[in-house]
1. Residues of region 248-269 being under 19 Å from D2 (Cβ atoms) and buried (at least 16 other Cβ atoms within 10 Å of the Cβ), which ones?
2. Taking I3 as meeting all but one of (1) surrounded by fewer than 21 Cβ atoms within 10 Å (Cβ to Cβ); (2) in contact (Cβ under 8 Å) with a residue 60 or more places away in the chain; (3) not in a loop (DSSP other than H, G, I, E, B), write down the number of the exception.
3. Starting from residues that are basic (K, R) and open to solvent by 40 Å² or more (accessible area, probe 1.4 Å), keep the ones in region 6-27 and report whichever is farthest from S147 (Cα to Cα).
4. So V93 fits all but one of (1) at pLDDT 95 or above; (2) surrounded by fewer than 24 Cβ atoms within 10 Å (Cβ to Cβ); (3) not in a loop (DSSP other than H, G, I, E, B); what number is the exception?
5. Of the residues in region 189-234, how many are of a type in the set (D, E, K, R) and crowded, with 22+ Cβ neighbours inside 10 Å?
6. For region 41-66, what are the residues that are assigned to a loop (DSSP other than H, G, I, E, B), more than 23 Å from D2 (Cα to Cα) and open to solvent by 70 Å² or more (accessible area, probe 1.4 Å)?
7. So which pairs qualify, if the first residue must be in region 208-229 and at negative phi and in contact (Cβ under 8 Å) with a residue 12 or more places away in the chain, the second must be part of a loop (DSSP other than H, G, I, E, B) and within 11 Å of the ligand (Cβ to nearest atom), the Cβ gap must be under 6 Å, and the two must be at least 6 apart or on different chains?
8. With respect to the numbered conditions (1) in a helix (DSSP H, G or I); (2) surrounded by fewer than 16 Cβ atoms within 10 Å (Cβ to Cβ), which one is the sole condition not fulfilled by E152?
Amino acid sequence: MDIPFSRWHLVIEKRRSRRHFDPNLPIAPETLAALDKVCNQFGPFPHARSRLVTESAESVFKGVIGSYGKIKDAPAFIAFIGDMDDPFVQEEVGYMGEGIILEATALGLNTCWVGGFFRPEIVASLIEVSNKERVLAITPVGHARESESWEERLMTGFGRSHNRLRLSRLVRGLPRERWPDWVNICLEAARFAPSAANRQPWSFDVQEDGITVLVRTRGPEFNVSKRLDCGIAMLHLEVAAADCGRRGQWEFLPSPRVAKFKIYSQSVLLALTLCGK
Ligand SMILES: Cc1cc2nc3c(=O)[nH]c(=O)nc-3n(C[C@H](O)[C@H](O)[C@H](O)COP(=O)(O)O)c2cc1C
């Protein structure tokens, strides 16, 4: 599936995690069909896949403490599944999952990445998961209640969880005055990526021929890999680059680096255009 870059770039700033859904507002059948289609078709990596599930959604979520922090009244959820034999499975699942989350946002739906507080055994009873695979995260999907409940506002620290670190704290490499315009747009999009507990474990190294994403290795993982967060930021970065007319390719790298987005040279771009890609 070709990534609808402009459509996804447009909703990066609009997306926010929502945890309480409106039980009186089901997802329209045509919207559900469109979401199912993107889950089936957006598979940029062979070892990462997703499944939309429309039954028993309520039973898979659990609260942070008791039922506090629980996702409520979701009519459906999407499972993000990875083959654990792949050394880059975390970033691949993050990248793929965020594409699906941005498409759900563009379809007018609400979502929330959930890495820790769900019951994998219930998910596994609803979908087929092989011995090599693990459900790394899920997201509820549906229409959120119009206004945030008190509990939801508490969960987001009264909106603070949407704050992000400034770029000046996250970037190294080429000095800012030498960045082409598209670099700033890409880094802003990457900076806006969601991460578990809003920990933003990434930094960026700007080079002449591309941008490398790095992961902060200090600090606990809390059962959710920081490399999965970095995969989400990678998708944002590439979507923004493509929307600025810059195409490229990811090269996965060992820790603490995650991957480098290498911009295609003019000759590669010309060859791709001639092949109709
Ligand atoms: C990989 C991942 C796992 C997450 N796990 C949870 C979770 O278990 N429970 C939850 O309520 N929110 C979870 N979140 C949502 C984050 O708390 C949220 O994305 C972050 O605070 C930024 O807020 P925003 O998404 O509204 O921009 C997770 C996010 C990511 C990216």
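1. Taking region 248-269 first, the residues under 19 Å from D2 (Cβ atoms) are 248-250, 261, 263-264, 268-269.
G248, W250, F261, I263, Y264, L269, listed by residue number.
2. (3)
3. We begin by selecting, within region 6-27, every residue basic (K, R); these are 7, 14-16, 18-19.
From the residues that got through so far, the ones that are open to solvent by 40 Å² or more (accessible area, probe 1.4 Å) too are 7, 14, 16, 19.
Numbers: R7: 25, K14: 16, R16: 13, R19: 11 Å.
Filtering region 6-27 for residues that are basic (K, R) and open to solvent by 40 Å² or more (accessible area, probe 1.4 Å), the one farthest from S147 (Cα to Cα) comes out as R7.
4. (2)
5. Initial filter on region 189-234 (of a type in the set (D, E, K, R)): 191, 199, 205, 208-209, 216, 218, 221, 226-227, 229.
Now narrow it down to the ones that are crowded, with 22+ Cβ neighbours inside 10 Å: 226-227, 229.
Count: 3.
6. Quick first cut of region 41-66, residues assigned to a loop (DSSP other than H, G, I, E, B) only: 42-47, 54-56, 62-64, 66.
Next, only the ones that are more than 23 Å from D2 (Cα to Cα) stay: 54-56, 62-64, 66.
Those that are assigned to a loop (DSSP other than H, G, I, E, B), more than 23 Å from D2 (Cα to Cα) and open to solvent by 70 Å² or more (accessible area, probe 1.4 Å): T54, E55, K62.
7. Within 6 Å, the pairs are V215/P201; R216/P201; V224/G115; V224/G116; K226/P201; D229/S195; D229/P201.
8. For E152, the failing item is (2).
The values are calculated or read from the model by the stated rules, or taken from the named source; none is laboratory data. What you are looking at is a predicted structure, and each value in this text was computed from that prediction instead of being measured. Note: ideal-geometry Cβ built from the backbone for every residue, glycine included; neighbour counts use all protein chains shown. The area values use the complete protein model at the heavy-atom level, side chains included, leaving out ligands, DNA and RNA. Shrake-Rupley method; radii C 1.70, N 1.55, O 1.52, S 1.80 Å.
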